[in-house]
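Taken together, the values in this text are just the output of simple stated rules run on the coordinates, not laboratory data. If you're wondering where the values come from, they're calculated on a predicted model, not measured in any experiment. A quick note on method: Cβ atoms are made from the backbone with ideal geometry, for glycine too, and the neighbour counts reach across all protein chains shown.
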Amino acid sequence: MKTKYFICFLFAATLLVSCKEEEVPTFDAMPTAYFSTDQDSTYFTFALRSPRAQDTVSLTMRIMGQATGHDRPINVQPSSGTTAAENKDYKLLPTVLAAGKVDAAVKVVIYNLDKLKTETPRLYLEMQPNEHFVKVNVEGTTLNPARMRCLIKFDNRLEEPIYWPIVVRFFGPFSVTKFKFMMQVFGGKTDFNPGVGGGLTYADTRNYPLMLRTALAEYEAINGPLIDEKGIRVTF
């Protein structure tokens, strides 16, 4: 009987040791960071802002691991595919995760150069390992691989928003002249997206066309027809 108990004890001890050897490190032991967004790219244009020499694009990184009682730098660097020139087209500011926090702001200063009127530089950002955070293989985790890398595109051109096919029935065909007139009427507003999280409500889709037709009639009474960059009269 003693022999039987000894064999059971030995088997249990062996199993315990085996489990310890095969234990997979967690993100608590090896914290990492990822971009906290559902989109793999961000687009910025100076054309929708008042003239300025530079502006700042801000992204958010979130850690997978525990918050600590001290600040920790996150090593965000440009990565492959980048066409923008560092310290010429942009300046990447240091990213620091503050004590007690799990989110950190990644800030990039964008310079409004003349070439942005004809070019759209690309800046791919990716976290690189340091003494505080590791770069992990996301396979087998809940992380989306796209969140480990983010693209910033920037220029100084006003182009048709991707949502315009949705609002064409409210505002008509897109033109730069029309869009700028809309911005002027609505006090600099640039988001006319009726989608989730967009700047256009259901009531706006009813009211805005009426307001624009009224504003356009007042403009034309003083200046004559508003002609867009294609030589077509602006209407709503």
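Which net charge results for the neighbourhood of Pro73, defined as the other residues with beta-carbon distances under 14 angstrom from its beta-carbon, given Lys and Arg at +1 and Asp and Glu at -1?
Spelling it out: positives minus negatives among the neighbours equals +1.
Cross-chain or 8 or more residues apart, Cα under 23 Å: how many lysine pairs in segment 101-236 fit that? Count them up, please.
The number of close lysine pairs in segment 101-236 is 19.
Among Ile152, Ile227, what is the fewest-to-most ranking by other Cβ atoms within 10 Å?
In order of increasing Cβ crowding within 10 Å: Ile227, Ile152.
For Thr82, what charge total do you get from the other residues with a beta carbon under 13 Å from its beta carbon, if Lys and Arg give +1 and Asp and Glu give -1?
+1
Select from Ala217, Phe174, Val185 the residue farthest towards the positive end of the dipole of segment 164-223; place +1 on Cβ of Lys and Arg, -1 on Cβ of Asp and Glu, and compute about the Cα centre.
So the residue we want is Phe174.
Cβ under 14 Å from Asn207's Cβ, Asn207 left aside: what net charge do those residues give with Lys, Arg +1 and Asp, Glu -1?
Overall, the nearby charge balance is +2.
If you put +1 on each Lys and Arg Cβ and -1 on each Asp and Glu Cβ, how big is the dipole of segment 32-155 around its Cα centre, in Debye rounded to 20?
Charge dipole, segment 32-155, about its Cα centre: 200 debye, nearest 20.
How much length is gained if the chain between Val176 and Tyr219 is pulled fully straight, taking 0.36 nm per residue apart and subtracting their Cα-Cα distance, in nm to one decimal?
13.8 nm
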